[in-house]
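**Q** Mind looking over this structure? Questions follow.
No lab work stands behind these numbers, since they all come straight from the coordinates. Predicted model, so just to flag it, every value in this text is computed and none were measured. Backbone-built Cβ (ideal geometry, glycine too); neighbour counts: all protein chains shown.
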Amino acid sequence: MKEPETIRHGLRVITPGIKATIQDLGRKGIRHHGLARGGVLDLRSAGWANKLLDNDRNAACVEIVLGGFRAEALSACEVSVTGAQADVTVNGKAVEMWRSLQLAPGDELAIGHARHHRLIYLAVRGGFETKDWFGSRSVVVREGLEGAGPLEPEDILPAGSAEALQGTPRIAPPQAWQWLEQPPVLGLVPGYQYHQFQPADLRRLVTTEYQVSDESDRMGYRLAGTPMADPPPGIVSEGIVPGAVQVPGDGQPIALLADCQTIGGYPKPGIITSMDCGLLAQQLPGTQIRFEWTDVLSAQNQRRLFERHYHETVWSEDGRSLHWR
Amino acid sequence: MIEAAGEDALLIRFGDAIDSALPAQIAELCQRIEALELPWLVDLVPSYTTLLVIYDPITINVLDAKARLRPLLSETPSADQTKAEAADSRLIELPVYYSEETGPDLAWIAEQKGLSVQQVIDRHTADTYQVYAIGFAPGFGFMGQVDPSIACPRKDTPRTKVPAGSVGIANQQTAVYPKTSPGGWQLIGRCPTVLFDEENLSLLKAGDRVRFVSISREEYLAQGGQL
């Protein structure tokens, strides 16, 4: 991730916290080589971080796990911090999350520990122009590609644009973060081996609560609850997508996320919607979650509405609301 | 059969059991889908009996994507036709240095199966294998079917570190580990060929055929093999 010393526009990492990575919307067209999709775990928070800065929808940001991130501005730049609630300061002075922030050269941005949720997104005007692999800047650590690791102290993160935004700072409307405070109920689209599961087990899946376990990373979150009594046996390995919920022999579901493997042999009763993958990814170990059946078209509509809102709304002059074009 | 697999993928099933006729049939459908240059197509992930079609749900909805692909399925050639075509599919030769120093499970398999080490090598190199799927790790090709006389289960406890290039057997499957990684397959040798790099990506693709060729220690080293 280290860039030559000559880059003087952007941020210098002082402390990255644990497992902070650069992510955009993930890679396309490479899964048949066995490469994961990657990409931000929480589409909503990362989307708002970019929207606050009028960035390209696919602009790369820093995905910070549990907070504890500090960086110095190498130049004047504009940033935003969204996601799990944390104390954020610039040169020790408290600032708000979910808004655009101007940094002057030498300013130190510090993001404290995440409260209640897991992931914090830091975006910069123009996006972070770090190294890309196969057309995406997303870092999938477990693949061990050259230079694709978590952020380290002294890493330089070049910003894509030096231009400051015009007008007053932007402040995200409450809809940007209110969803995060709702009880985590995850939309599940029936699919794959749905019909091979016992009706009682399918009922259990949507009527009991599951606890997010400690074994949770960008590949997937293990969930613990009343185990399924009789999950189907292993299947011939088939292509899988992030969001798929696989149930191994112990009957405890594993929700696959952005860095998941491309094929797998466990049976799957359904797939979590892309938006709710973010809601799950934000939950801390020990949190109770619930599933609720939904259907493909509803899931697609929910996702499209979010994308349309991103592309087809503009900030009001006071920077406090958005209007459809 | 074509069904939704979540909001951005369709899963096409060609059968329920592993069948050596399927990889060519699936690869052929991939080619025909690619030829259409569909702007909403994101990726095609073939596996043993299925093809996962990943699409952009913002550009097209599930019903239209299904409708676009369904006619291609009815045109799918019969198994006999694809068997004939499979003869033309790409054949890749992978050199392997089979030895105690590169294949720590070679002697164990021989002993379990009541064969000599040379017989195990001969049987592994005698067959031409189908590449059924790429997965587990970048460039990792699942190949089969291994002669039942040398098929053996995975190790009870996977190794934490399998060296890059290691050739392994798990049941009736065989594969080469493209990179050093954890793994539970029984190791019989090592291949010096680069199976994955960032420029060319995976050397193998689903539908290819592979033949292993036994090479000496000297040849292995000369071809860039590491010990």
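**Q** Name the lysines eligible as straight-distance cross-link partners of B:Lys113: C-alpha to C-alpha under 19 Å, and not fewer than 8 places from it in the same chain.
**A** Cross-link targets: B:Lys155.
**Q** Could you tell me the ratio Rg/Rh of segment A:127-233? Both radii from Cα atoms, Rh via Kirkwood.
**A** Expressed as Rg/Rh, it is 1.10.
**Q** Count the lysine pairs in chain A whose Cα atoms sit under 29 Å apart, keeping only pairs 8 or more residues apart in sequence or on different chains.
**A** Final tally of qualifying lysine pairs is 15.
**Q** If each Cα of segment B:90-222 is one equal point scatterer, what is log10 of I(q)/I(0) from the Debye formula at q = 0.15 Å⁻¹?
**A** -0.63
**Q** If the reach is capped at under 18 angstrom between alpha carbons, list the lysines near B:Lys161, excluding any in the same chain fewer than eight residues apart.
**A** Answer for B:Lys161, where 18 Å is the Cα cut-off: B:Lys179, listed by chain and number.
**Q** Let me ask you something else. Roughly what % antiparallel, to the nearest 5, for the DSSP beta bridges in the protein assembly as shown?
**A** In the protein assembly as shown, approximately 90 percent of DSSP beta bridges are antiparallel ones.
**Q** Return the equivalent ellipsoid semi-axes of the protein assembly as shown as a descending list in whole Å, where each equals the square root of 5 times an eigenvalue of the C-alpha gyration tensor.
**A** Over the Cα atoms of the protein assembly as shown, the semi-axes work out to 43, 28, 22 Å.
**Q** More than 28 Å apart: what percent of Cα pairs in chain B qualify?
**A** Percent of Cα pairs beyond 28 Å in chain B: 36.
**Q** What is the diffusion coefficient of segment B:2-86 in µm²/s, taking the Kirkwood radius over Cα pairs and the Stokes-Einstein relation at 4 °C with a viscosity of 1.567 mPa s?
**A** Rounded, D is 99 µm²/s.
**Q** Rank B:Gly189, B:Gly135, B:Gly144 by mean-square fluctuation in a GNM of chain B with C-alpha springs under 10 angstrom and give only the top-ranked residue.
**A** B:Gly135
**Q** If R0 is 56 Å, what FRET efficiency do you get for A:Thr89 and B:Asp122 from their C-beta distance, rounded to 0.05?
**A** It comes to 0.20.
**Q** A:Trp324: net charge of surrounding residues, Cβ under 14 Å, Lys/Arg +1, Asp/Glu -1, itself excluded?
**A** +1
**Q** What are the principal axis extents of the Cα atoms in chain A, in Å, biggest first?
**A** 60, 42, 33
**Q** May I have the extent of the alpha carbons of segment B:172-227 along their three principal axes, as whole Å values ordered from largest to smallest?
**A** Cα spread of segment B:172-227 along its principal axes, largest to smallest: 31, 30, 25 Å.
**Q** Looking at chain A as a GNM with Cα springs under 10 Å, which of A:Gln182, A:Gln261, A:Gln196 has the largest mean-square fluctuation?
**A** Answer for the Gaussian network model of chain A: A:Gln182.
**Q** Let me see the P(r) profile for segment A:182-294: every Cα-Cα distance counted, bins of 5 Å, each bin given as a percent of all pairs.
**A** 2, 13, 26, 29, 20, 9, 1, 0
**Q** Using only the Cα atoms of segment A:10-171, what do you get for the radius of gyration and for Dmax, in Å?
**A** 14.7, 48
**Q** If you don't mind, there's one more thing I want to ask. Could you work out the percent of alpha carbon pairs in segment B:7-48 separated by over 17 Å, rounded to a whole number?
**A** Of the Cα pairs, 35 percent sit more than 17 Å apart.
**Q** Among the DSSP beta bridges whose two residues both lie in chain B, what percent are antiparallel, rounded to the nearest 5?
**A** Taking every DSSP beta bridge within chain B, about 85 percent pair in antiparallel fashion.
**Q** Based solely on C-alpha atoms, express the radius of gyration and the Dmax of segment A:166-205 in angstrom.
**A** When restricted to Cα atoms, segment A:166-205 yields Rg and Dmax of 19.3, 58 Å.
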